[in-house]
Structures are given as structure tokens and as C-alpha cells.
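The structure appears below as C-alpha cells.
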Amino acid sequence: MSLIHSTIDLSAPGAHYGHLAIPYSYNLGGWANLQVPIASLRNGPGPTVLLMAGNHGDEYPGQVAILKLWRELRLADVIGHLILVPCLNPPASQAATRLSPLDGKNFNRCFPGNAAGTPSEMLADYLTTVLFPMADVVIDLHTGGRSLSFLPTAHMHLVPDLKQRAAMLAATEAFLLDVAFLYADVAGTGLLPVEAERQGKIVITTELGGGEVVPASVHRQCQRGLRNVLVHCGVLHGELIRRERPARWVQSLDREDYRFAPESGMYESCVDPGEPVVKGQVVGRIHFLERPDRAAAEVVANGEGMLIAGRAPSMVKQGDCVACIAHDVDPYNLPE
Ligand code: CA
């Protein structure tokens with residue numbers, strides 16, 4: 001049984017604004033609460049959409065977009081039930097970190113969660129047992145964070161259920177980004193979207209840029225795409241924007257598509273996200289300040305495709321992911 005208390009009744013009609021209170025202790029707060037803002041706009045029959053960002057604290061465009069919706073949306077704009085969580089991980093957002101400074105956890109590796117665990121594990125359990133079961137659609141807005149610079153994409157797992165998959169492909173296209181991305185979980189288990197997919201939800205996720213600086217164009221693409229997805233899902237009144245052309249679908253499902261730094265050093269990006277690459281092409285070089293005479297170590301593309309994401313900070317440690325190569329795919333006509 002979850003110890004998390006919602007200050008608003010999520011089943012009540014109307015517009016309600018409050019927070020989830022997660023009990024925890026620290027040295028100057030024996031009976032402290034971590035407060036996670038949550039809003040519930042419930043207006044008659046219709047779908048239930050759970051909209052979240054800040055799963056990783058240092059990923060800001062989704063948090064900004066949901067904060068704007070929090071203030072802009074009126075109950076009359078909603079059909080059905082829209083639940084807003086602008087930031088799942090406020091301590092990490094405030095610290096500009098990926099992991100929670102409270103418990104050191106990567107929230108996106110905490111699922112299905114633990115009701116008796118750390119604050120991150122408790123919140124994951126609350127999503128798994130309370131919020132996901134209420135929802136038809138689960139939206140989790142990401143970016144590459146401080147470590148990766150992503151070409152702005154909406155992305156998804158290729159779920160085995162074909163009806164669920166078709167709904168997710170259509171919703172991913174409705175984000176209106178030029179490129180859509182099929183990805184693999186190369187960095188562990190316990191992801192939020194995997195649990196929501198397991199529960200049969202239509203799951204919509206993004207990688208909207210990354211790095212410390214978020215360009216205005218990325219914020220605009222995020223806000224426009226998000227609003228259109230909500231209209232597409234039928235939870236928001238408004239005119240659906242139709243795409244001028246279908247998304248270019250790419251995938252990185254092979255472990256070799258994810259390129260890792262062979263040594264620590266100073267990283268030079270040789271290709272920007274969105275640019276084409278061929279097999280063997282140098283996508284980055286690692287230079288060694290302590291050994292100016294040493295040749296740079298090269299990171300090469302494993303095959304033909306495009307760079308979908310590259311390293312954001314210049315200093316790299318051995319084993320950091322510095323490049324992700326994506327390959328064209330037609331998700332509507334996959335071999336069995
Ligand atoms: Ca992320």
C-alpha cells in the first residue's frame with residue numbers, strides 16, 4: 001500500500017491543483033515530504049491522459065511545456081480527464097541532474113517500484129499501481145539531458161501487441177517532428193514506458209534535444225507537438241494539425257548502434273545530430289590533454305544511417321555513450 005498522499009482527489013470532476021506528498025527523512029527534516037506537483041482536469045466522458053516530464057531532472061523542454069499548460073488550460077478545454085505532472089523528480093530538476101540527489105536513483109530504472117523503498121521507488125510504485133491504471137494514454141517527455149544532444153524526435157518501443165503498436169505509431173507521428181525513432185533499452189531495465197506498455201497503455205515519449213542549453217526552436221517544437229498529441233488523443237479541444245509528409249522513421253535496435261568512448265578525454269564531435277553517416281565514418285575523436293603528441297582515438301559509425309544523438313559535454317569518460325546511429329526503417333511493413 002502506497003504511503004504517498006495526493007492533496008487532490010484524482011477521481012473528482014473539475015479542475016484541481018495540488019501535489020503528491022512523498023514522506024522521507026533527511027538530517028534537517030525528520031518528517032519531511034517531497035512534493036511533486038499534480039493537476040487533474042476532469043470534464044465529462046472521454047479518455048484519460050497522464051502527461052509527465054522531468055523523469056530525468058536535467059531535461060527541461062517537457063517540464064516547461066507542462067507548466068505552461070498548467071496555467072493556460074481551462075476545464076472547458078478538456079474532454080475526459082487530463083492529469084498533469086510537470087516534474088516527476090523536482091530535486092533533480094532543481095539540481096540540474098539526471099539522478100535524484102535524494103536517493104541517487106535513476107527514476108527511469110525504478111519501475112515497477114517499491115511502496116516501501118526510497119522516494120524514487122515509492123513514486124514509481126504509485127505510478128504503477130495508482131496513476132497508470134487510471135490512464136488510457138501515458139506521455140513521458142524526455143530529452144538527451146546534459147549528457148546527450150538528440151535530434152528532436154518522438155520515439156517508441158516496438159510493442160508486440162499490434163493494436164497497441166498501431167495506436168502508438170499514430171500518436172508518435174502526431175507529435176509533428178520530422179524524424180520518429182524506434183529505440184532499444186541498452187542501458188538497463190525498470191523503465192517507466194515499459195511498465196506502462198505492459199499495462200496496455202498507449203505510450204508516447206520524446207527525445208527533444210538535450211544538453212544544458214535548449215534552443216527556442218526546440219521549445220516551440222515541444223509545445224506545438226504536445227498540444228497536437230493531446231488533440232489527437234481526444235483529450236483536448238482544438239484543431240488537429242495534419243502532417244505535410246509522413247515522419248522519417250529510423251531505428252537503433254542493435255547494441256552496436258550505440259557508440260561508447262573507448263578512453264577518457266576531450267571529445268570532438270565530427271557529425272551533428274541529423275546528419276547522414278556511412279559505415280566506418282569517423283563521428284567523433286577523443287583528444288588527450290596529458291599527451292598532446294598522441295593521436296586522437298576515433299569513434300566510427302557501425303553502419304549507414306544518421307546520427308540521431310551525440311555527446312553534449314566535451315569531457316568524456318571511458319564507457320560514456322558518445323554517439324547513436326539510427327537506420328531507416330518502415331515500421332508499417334516490418335518483416336515478421
Ligand atoms: Ca531521458
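FYI, it's all coordinate maths here, none of it is from the lab. Just so we're clear, the structure is a prediction, and the values are computed from it rather than from any experiment. Ideal geometry is used to build each Cβ from the backbone, glycine not excepted, and the neighbour counts take in all protein chains shown.
Worth pointing out:
- Working note: Debye formula, equal point scatterers on the alpha-carbon atoms of segment 138-181, no solvent; log10 I(q)/I(0) at q = 0.19, 0.25 Å⁻¹ is -0.63, -0.94.
- Between the Cα long axis of helix 61-72 and the first principal axis of the chain there is an angle of about 20°, rounded to the nearest 10.
- Proxy reagent accessibility, fewest Cβ within 10 Å first, across 87, 321, 233: 321, 87, 233
- Built amide H within the under 5 Å cut-off of residue 58, gap 5+: 97, 98
- Diffusion constant of segment 1-158 at 10 °C, which comes from Stokes-Einstein with the Kirkwood Cα-pair radius and 1.306 mPa s, µm²/s: 99
- Positive-end ranking of 302, 66, 315 along the dipole of the chain, with charges on Cβ about the Cα centre, is headed by 66.
- 3J(HN,Hα) along segment 205-211: 9, 9, 10, 9, x, x, x Hz, from the Karplus curve 6.51 cos²θ - 1.76 cosθ + 1.60 with θ = phi - 60°, whole Hz, x for Gly and Pro.
- Debye intensity ratio in log₁₀ form over the Cα atoms of segment 256-327, taken at each q of 0.17, 0.22 Å⁻¹: -0.53, -0.85
- Spatial separation of Cα centroids for segment 254-291 and segment 292-330, in angstrom: 3
- Least to most buried among 70, 31, 249 (fewest other Cβ within 10 Å first): 31, 70, 249
- Cα gyration tensor shape for the chain, rounded if a/c is under 1.5, else prolate or oblate: oblate
- Each peptide in 222-231, 252-261 receives the mean, over its residues, of other Cβ atoms within 10 Å, and ordering these scores from highest gives 222-231, 252-261.
- Most mobile of 64, 278, 138 in a GNM of the chain (Cα contacts under 10 Å): 278
- The fraction of all Cα pairs in segment 140-239 landing in successive 5 Å bins from 0 to the largest distance is 2, 13, 22, 24, 19, 13, 5, 1, given as whole percents.
- Applying 0.36 nm per residue to the separation of residue 334 and residue 318 and subtracting their alpha-carbon distance, the gain on full extension is 2.2 nm.
- Helix 162-173 and the long axis of the chain differ in direction by around 80°, with both axes built from C-alpha atoms.
- Partner aspartates and glutamates whose Cα lies under 14 Å from the Cα of residue 163, excluding those fewer than 8 positions away in the same chain, are identified as 136, 197.
- Rounded to 10°, Cα long-axis angle of helix 216-232 versus longest principal axis of the chain: 50
- Dipole check for segment 5-251: with +1 at the C-beta of Lys and Arg, -1 at the C-beta of Asp and Glu, and the Cα centre as origin, the magnitude is about 440 Debye.
- Rounded to the nearest 20 debye, dipole of segment 27-123 from Cβ charges on Lys, Arg, Asp, Glu: 120
- Distance from the C-alpha centroid of segment 76-90 to that of segment 53-67: 13 Å, rounded to the whole angstrom.
- Neighbour-count ranking [beta-carbon atoms within 10 angstrom, fewest first] of 132, 107: 132, 107
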